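> The following block contains the structure, expressed as structure tokens.
The values are calculated or read from the model by the stated rules, or taken from the named source; none is laboratory data. Only a predicted model underlies this, so the values are computations on that prediction, with no experimental measurement involved. No Cβ is skipped: glycine too gets one built from the backbone with ideal geometry, and neighbour counts run over all protein chains shown.
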Amino acid sequence: MTRVAIVTGGTRGIGEAISVALRDAGMTVAANYAGNDERARDFTQRTGIAAYKWDVGDYDACQDGAARVAAELGPVDVLVNNAGITRDGTILKMTYQMWKEVMDTNLGGCFNMAKAVFPGMRDRKWGRIVNIGSINGQAGQYGQVNYAAAKSGIHGFTKALSQEGAKLGVTVNAIAPGYIDTDMVAAVPPEVLEKIVAKIPVGRLGQAQEIARGVAFLCSEEAGFVTGSTLSINGGQHMY
């Protein structure tokens with residue numbers, strides 16, 4: 001039986017690598033995206049993976065989007081909550097809107113999407129949910145009280161929801177990436193990035209495919225005894 005997976009923020013960066021890894025594992029993948037239509041079209045042309053547009057911070061849009069995927073591709077067995085944004089600034093400079101946008105997308109998106117697909121997983125007695133946290137949700141980061149709070153919340157969300165799903169055949173896990181060679185990290189000033197890399201014991205940034213391989217395992221049949229866990233993939237930068 002072919003599993004159907006939704007990957008939020010699935011057309012670029014870590015999300016793209018996850019979408020491709022799940023496709024290569026034999027799943028039918030729906031890659032969600034929020035705004036860049038041209039990038040999404042290019043992604044679909046290159047990978048053959050269908051892209052679906054909706055805002056994960058919008059509860060109703062998530063309900064409608066997940067229903068559309070199920071109608072077109074089949075019941076959703078796998079959810080990867082990867083979508084995330086940054087609105088960095090110290091708390092003295094951070095506006096409420098900067099706080100709210102990050103919380104709505106990064107943490108609220110996990111709730112919205114899980115709410116949309118969990119009932120079906122429960123009824124079918126099988127499901128995999130993987131939430132993408134962050135090293136900065138574990139260790140904190142200057143100028144990111146919104147992002148760190150949202151990502152830290154993801155780890156708590158994961159542990160709590162895993163307890164609800166365990167007896168239903170639904171596993172819920174998280175991955176906490178360190179600094180990965182993506183567009184988001186590329187936007188960091190070179191002098192700052194140099195200092196970050198200097199603190200990574202393996203001496204380099206991670207690759208998106210390294211995160212994707214961890215996700216693919218947690219979404220597999222073989223990972224049925226793994227739930228409520230956070231897998232840190234950070235080159236040894238933070239032990240948690």
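> Scanning the stretch 44-60 for residues that are crowded, with 19+ Cβ neighbours inside 10 Å and among the small types (G, A, S), which turns out farthest from N106 (Cα to Cα)?
A51
> Give me a count of the residues in the stretch 194-209 that are in contact (Cβ under 8 Å) with a residue 24 or more places away in the chain and in a helix (DSSP H, G or I).
2
> Among the candidates A67, A160, which residue alone is surrounded by fewer than 24 Cβ atoms within 10 Å (Cβ to Cβ) and within 18 Å of A176 (Cβ to Cβ)? Quick ask: steps written out before the conclusion?
Working: A67 fails: within 18 Å of A176 (Cβ to Cβ).
That would be A160, the only listed residue that is surrounded by fewer than 24 Cβ atoms within 10 Å (Cβ to Cβ) and within 18 Å of A176 (Cβ to Cβ).
> Now for a separate question. I need the full set of residues from the stretch 78-109 which are more than 25 Å from A212 (Cβ to Cβ) and of a type in the set (G, A, S), in order please.
If the condition is that a residue be more than 25 Å from A212 (Cβ to Cβ) and of a type in the set (G, A, S), then G89 is the only one that fits.
> OK, next. Scan the stretch 1-33 residue by residue and report those that are in a strand (DSSP E or B), of a type outside the set (A, V, I, L, M) and in contact (Cβ under 8 Å) with a residue 40 or more places away in the chain. Spell out how you get there, then give the answer.
As a first pass, look at the stretch 1-33 and keep what is in a strand (DSSP E or B): 4-7, 28-33.
Imposing the further condition that a residue be of a type outside the set (A, V, I, L, M) reduces the set to 28, 32-33.
Of everything in the stretch 1-33, those that are in a strand (DSSP E or B), of a type outside the set (A, V, I, L, M) and in contact (Cβ under 8 Å) with a residue 40 or more places away in the chain turn out to be T28, N32.
> Shifting gears a bit: So how many residues does the stretch 66-124 have that are aromatic (F, W, Y) and under 16 Å from Y33 (Cα atoms)? Write out each step before concluding.
Quick first cut of the stretch 66-124, residues aromatic (F, W, Y) only: 96, 99, 111, 118.
Subset that is under 16 Å from Y33 (Cα atoms): none.
The total comes to 0.
> Limited to the stretch 78-99, what total is found for residues that are closer than 26 Å to W54 by Cβ, in a loop (DSSP other than H, G, I, E, B) and either modelled with pLDDT of 95 or more or among the β-branched types (V, I, T) (or both)?
Total satisfying the criteria: 5.
> Kindly indicate which of G65, G57 is part of a loop (DSSP other than H, G, I, E, B) and at negative phi.
Of G65, G57, the one residue that is part of a loop (DSSP other than H, G, I, E, B) and at negative phi is G57.
> May I pose another question? Would you mind finding the one in D123, D181 that is charged (D, E, K, R), more than 13 Å from the chain's Cα centre (by Cα) and under 19 Å from G236 (Cα atoms)?
One residue alone meets the criteria, D181.
> Return yes when V117 is in contact with a Gly (Cβ under 9 Å, 6 or more places away or on another chain), under 18 Å from L22 (Cβ atoms), outside any helix (DSSP H, G or I) and modelled with pLDDT of 95 or more and no when it is not.
no
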